[in-house]
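Just below is one structure, and these are the notes that go with it.
The values are calculated or read from the model by the stated rules, or taken from the named source; none is laboratory data. Note that the coordinates shown come from a computational prediction; the quantities given were computed from them, not determined experimentally. Every residue, glycine among them, receives a Cβ derived from its backbone with ideal geometry; neighbour counts consider all protein chains shown.
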Amino acid sequence: MTPSLSVMKHSLQFGRMWIVKQKVIKRPIIIAWQQQYSVGNDALDADHKHLLHLINSFYVSSKSIKHEDLEHTLSALTAYSIKHFYNEESHMRKILYHGITKHQALHEAFIAKVQGFHNTLRNNRHLELGVEVAKFLASWWKNHIIVEDQLYAKTKTAAR
């Protein structure tokens, strides 16, 4: 997050914080990649790292006053998610993952939700929605990657 020009005139950057007229404003909390997120597949892990980067970028954009930043980042996230979900579902078919139908439904619901957010942003130019979307994305990451994706990762491990 970059502070506005007026804030910058009265502030100093100190590490990960901005000190503004004796108030401390923390930079956005960003989800960092951890090994526990790995599904044991380098290509899918790389996809997940890029998705995480896009989620973090959206969070930073949600603090922006530029509507275009939100739309651009959400479009990139949607497009990359579709590509990743295709790759992930192909992998699930390859390892004969029994939960693929449920997992595909979760992917479809995610895309529908994000497209709904995108349509709202595009049609209403509703900047406050950015924070709601950022919260949804962080929650989805925690549940989907840490819980749901680990189920097929365990299936792959058990199949060895």
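Picking from residues in segment 58-68 that are within 18 Å of residue 138 (Cα to Cα) and more than 9 Å from the chain's Cα centre (by Cα), the one that is modelled with the lowest pLDDT is 64. Taking the listed residues 19, 31, the one that is at pLDDT below 80, over 15 Å from residue 85 (Cα atoms) and either of a type in the set (Val, Ile, Thr) or surrounded by 15 or more Cβ atoms within 10 Å (Cβ to Cβ) (or both) is 19, with no other qualifying.
Mind checking whether some residue in segment 47-57 is under 16 Å from residue 153 (Cα atoms), at pLDDT 90 or above and touching a His at 6+ places or on another chain (Cβ under 6 Å)? Yes.
Applying the criterion of being closer than 21 Å to residue 82 by Cα and surrounded by fewer than 12 Cβ atoms within 10 Å (Cβ to Cβ) to the residues of segment 110-141, the residue that is modelled with the highest pLDDT is 112. Within the set 90, 81, 62, the sole residue that is touching a residue at least 60 places away in the same chain (Cβ under 8 Å) and of a type in the set (Gly, Ala, Ser) turns out to be 62. Residue 120 meets each of the listed conditions (1) touching a residue at least 12 places away in the same chain (Cβ under 8 Å); (2) over 20 Å from residue 148 (Cβ atoms) apart from (1). Residue 110: within 22 Å of residue 49 (Cβ to Cβ) and under 15 Å from the mean Cα position of the chain (by Cα), yes or no? Yes: the conditions hold for residue 110.
Scanning segment 81-109 for residues that are closer than 16 Å to residue 154 by Cα and surrounded by 15 or more Cβ atoms within 10 Å (Cβ to Cβ) returns 88, 89, 91, 92, 95, 97, 100, 103. Residue 30 falls short on exactly one of the conditions (1) over 13 Å from residue 149 (Cα atoms); (2) part of a helix (DSSP H, G or I), and that condition is (2).
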